Each structure stands twice: as C-alpha cells, then as structure tokens.
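The values are calculated or read from the model by the stated rules, or taken from the named source; none is laboratory data. All of these numbers come straight from a predicted model, not from anything done at the bench. Cβ sites come from the backbone with ideal geometry, for glycine too, and all protein chains shown count toward neighbours. All accessible areas refer to the heavy atoms of the entire protein, side chains included, with ligands and DNA or RNA removed. Shrake-Rupley method; radii C 1.70, N 1.55, O 1.52, S 1.80 Å.
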Amino acid sequence: MDTRDITAPPRAQSRHTADKHPNQRHRPSGGGLTHENARHTTRFTVIGNHLAQHPELSALAIGLGVHIQSLPAGARADIKTLAARFPEGTTRIAAALRELETHGYLRRERHRIPDGRIITRTISCNQPGGRRRDRKEPHTPPKAPAPRRERAPRKPLPAVPRPAYPAPALLQTATDLLADLRRHSPDLLLSACDTAHLAPGVAAWLERDVTPTAVRHALTADLPPEGLRRPAALLAHRLTVQLPPPPPFRAPAPPPAVRHPLHNCEGCDRAFRSPTPGRCHDCRTDLPGAA
C-alpha cells in the first residue's frame with residue numbers, strides 16, 4: 001500500500017489552465033505567428049482567404065485585389081488612378097491587374113453610353129465564379145427563331161451635275177480627286193462604283209474654272225463629327241447644292257500689234273519700220289510734190 005501511483009496527478013488542476021484558455025488555445029509553442037484581433041464594427045471589408053492566401057497571385061496582385069474590394073461602388077480603379085495611389089508604377093500595376101483578371105477577381109466590360117462615347121466598367125468579384133455557380137436559371141423552352149427580315153434595297157445615290165463637254169482628261173482628273181479624298185478624311189473612302197457616279201459632278205465644277213483645291217475643300221470641310229454612314233450621298237448632295245455659277249463671259253483679247261522690222265530709207269537714209277524695204281513715209285509724201 002505504500003507504493004506511489006505515478007499516473008495520478010500530484011494535485012487537482014483548475015479548469016482555467018493555460019492550456020485550455022480560449023485565448024491561448026492556438027498559441028504556438030515556438031516562434032510562429034500570433035494574432036491580436038479586435039472585432040470590427042464599422043469600416044471593414046470581408047476578404048476571402050482564397051484571395052488573401054492565393055497560391056499563384058503575386059503579393060502586389062493580392063494587395064490590389066484587397067484594395068479594390070474595399071472601394072465603394074463607382075470609385076475609379078483604372079491604372080492611372082491606382083498608380084497615383086500606390087508607389088508602384090503603371091507597368092507593375094497593369095501586370096497585377098492582368099493577374100486578377102486571369103484568376104477571375106476582376107472583369108472589364110465596354111459599354112456605349114447615350115451620348116455615343118464608349119466607356120470601360122471595372123467589375124470586382126469577391127468570389128470568382130460564385131454568382132454564376134449560385135444562380136440557377138429556370139428552365140425555359142428555347143425560343144423560336146425570329147423571322148428573318150429582308151433588308152430594304154439601298155436607295156440610289158442622288159443625281160449629280162454633268163459637264164457640258166465631258167472630255168476624258170477632265171473626267172480622269174475628277175476621278176483622281178475623288179480617290180484622293182480619303183487622305184484628307186478617312187470617312188471619305190469611296191468605292192469604285194460611287195467614284196464613277198460622282199466623277200461627272202466634280203468634272204462640272206472643274207469645267208467652271210474651280211481649282212481642284214477649292215473642290216476638295218468644299219467636299220471635306222465641316223464633316224459631321226459622329227461619322228458618315230454613306231459618304232457618297234453627302235458628296236453628291238454637296239456637288240449639287242453648292243455648284244458654283246458658270247464663269248463670266250470674257251471677250252477674246254485683241255491680237256497683239258505687229259512690229260515690222262527696221263529698214264533704212266532709200267531717200268533720206270533714216271530708219272523706219274516697214275514690212276518691205278523702200279522709202280519712209282515722209283519721202284513717199286514728198287515725191288508727188290516734187291513731180
């Protein structure tokens with residue numbers, strides 16, 4: 001009976017020992033990480049460990065992903081804005097954003113707003129693919145294909161003025177002028193059929209002593225800023241509406257006076273102009289008096 005039971009504890013242990021205290025339950029015995037956590041009630045963001053501990057994302061991409069998820073809706077999250085906020089340059093931030101896009105944490109969509117401009121919207125996903133997995137679309141029978149609408153025939157181009165004398169050289173000059181319009185405005189790229197239709201109208205302008213530069217300016221000035229759906233129709237309208245009047249009539253200039261060569265008078269030896277040699281006017285006048 002005097003044998004000691006070495007399995008029994010020497011004294012009763014308290015239920016609040018260090019090993020069982022809730023705040024000390026996960027404290028490592030070595031020199032690992034220890035958390036001192038305080039409960040947040042305002043101004044906090046829930047971030048999933050799948051992002052914070054992502055095995056393939058870089059530290060910069062994880063940090064940007066956390067920052068973007070903490071931003072309010074409508075905040076700017078483009079490369080320039082993020083580069084102004086963080087010390088990393090635009091190149092590194094752009095690479096990090098591409099990482100987030102590759103792994104589904106970021107998505108960019110282009111939309112056209114009512115005024116016609118195209119903007120880019122950035123969509124942040126705190127659970128990549130979660131919304132698509134959780135959403136169950138109701139089964140709907142496939143819709144019958146809509147009846148195919150036949151396209152209305154294209155309206156012919158308006159008529160253009162015609163030159164009075166359509167010389168081949170004049171029409172070729174007009175064709176070259178129309179083909180060169182695309183160098184001055186990319187919207188004025190014309191097809192061969194449209195060019196052949198408009199060439200007589202340009203020739204009518206050239207026939208009225210309008211220079212090619214003036215014709216080009218009349219066709220390319222003040223184009224609509226929203227672009228042209230059918231540039232040939234606009235050019236045909238301008239060639240007709242803005243056709244200048246014919247040039248004023250000019251009487252032909254009189255022929256220049258004929259200058260005869262100089263000859264020496266056979267009577268007085270003076271020089272005079274005459275088509276043929278002989279006597280001057282004074283000597284021819286004196287001859288009847290002398291007779």
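Provide a single number: the residues in segment 65-89 that are more than 30 Å from the chain's Cα centre (by Cα) and in contact (Cβ under 8 Å) with a residue 24 or more places away in the chain.
Counting residues in segment 65-89 that are more than 30 Å from the chain's Cα centre (by Cα) and in contact (Cβ under 8 Å) with a residue 24 or more places away in the chain gives 4.
Filter segment 232-284 for residues that are assigned to a helix (DSSP H, G or I), of a type outside the set (A, V, I, L, M) and open to solvent by 90 Å² or more (accessible area, probe 1.4 Å); which is farthest from ALA214 (Cα to Cα)?
If we take residues in segment 232-284 being assigned to a helix (DSSP H, G or I), of a type outside the set (A, V, I, L, M) and open to solvent by 90 Å² or more (accessible area, probe 1.4 Å), then ARG284 is farthest from ALA214 (Cα to Cα).
It is to be established whether one or more residues within segment 204-216 are in contact (Cβ under 8 Å) with a residue 12 or more places away in the chain and under 30 Å from GLY116 (Cα atoms).
yes
Of the residues that make up segment 239-253, is at least one modelled with pLDDT of 90 or more, touching a His at 6+ places or on another chain (Cβ under 8 Å) and more than 20 Å from ALA167 (Cα to Cα)?
Among the residues of segment 239-253, not one is modelled with pLDDT of 90 or more, touching a His at 6+ places or on another chain (Cβ under 8 Å) and more than 20 Å from ALA167 (Cα to Cα), which makes the answer no.
Name the residues in segment 188-215 that are over 19 Å from PRO158 (Cα atoms) and not polar (S, T, N, Q), would you?
Those that are over 19 Å from PRO158 (Cα atoms) and not polar (S, T, N, Q): LEU206, GLU207, ARG208, ASP209, VAL210, PRO212, ALA214.
Just to verify a result, which residue in segment 213-231, among those that are modelled with pLDDT of 90 or more and open to solvent by 60 Å² or more (accessible area, probe 1.4 Å), is farthest from PRO168 (Cα to Cα)?
Only one residue fits best here, namely HIS217.
If the requirement is being assigned to a loop (DSSP other than H, G, I, E, B), closer than 29 Å to GLN127 by Cβ, at pLDDT 85 or above and open to solvent by less than 100 Å² (accessible area, probe 1.4 Å), which of these qualifies: PRO55, PRO72?
PRO72
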